[in-house]
Amino acid sequence: MSWLLLLARGVLFTLFVFVNKRGNSHLLNLAIFKEKTVCLAALTYFFLQLVNIAVPVYAQYAPAA
């Protein structure tokens, strides 16, 4: 079930980017990610949130060794 949700998120994100690029008025200016500083800051934030949220949840439900 979780893999299905992950797949759905990926498809919907791809659809969002496709529609956002084709429209006249953009919801999110994707050109900002061409700047190295913004791109690195976004990646850093993503990985910090992964550590803060996903790792404790995995540790809670992971089978004991």
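The values are calculated or read from the model by the stated rules, or taken from the named source; none is laboratory data. Just so it is clear, the model here is predicted, and its values are computed rather than measured. What goes into the accessible areas is simple: the full protein's heavy atoms, side chains included, and nothing from ligands, DNA or RNA. Shrake-Rupley method; radii C 1.70, N 1.55, O 1.52, S 1.80 Å.
Quick look at the numbers
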| quantity | calculated |
| --- | --- |
| Accessible area per residue, Å², the chain with all protein chains present, probe 1.4 Å | 96 |
| Full-stretch length increase - Ala59, Val19 - with 0.36 nm per residue and alpha-carbon distance subtracted | 10.6 nm |
| Label corresponding to Cα Rg over 2.2 N^0.38 Å when calculated from the structure given, among [x] 0.98; [y] 0.94; [z] 1.52 | [z] |
| Percent accessible area from carbon and sulfur atoms, the chain, protein chains only, probe 1.4 Å | 72 |
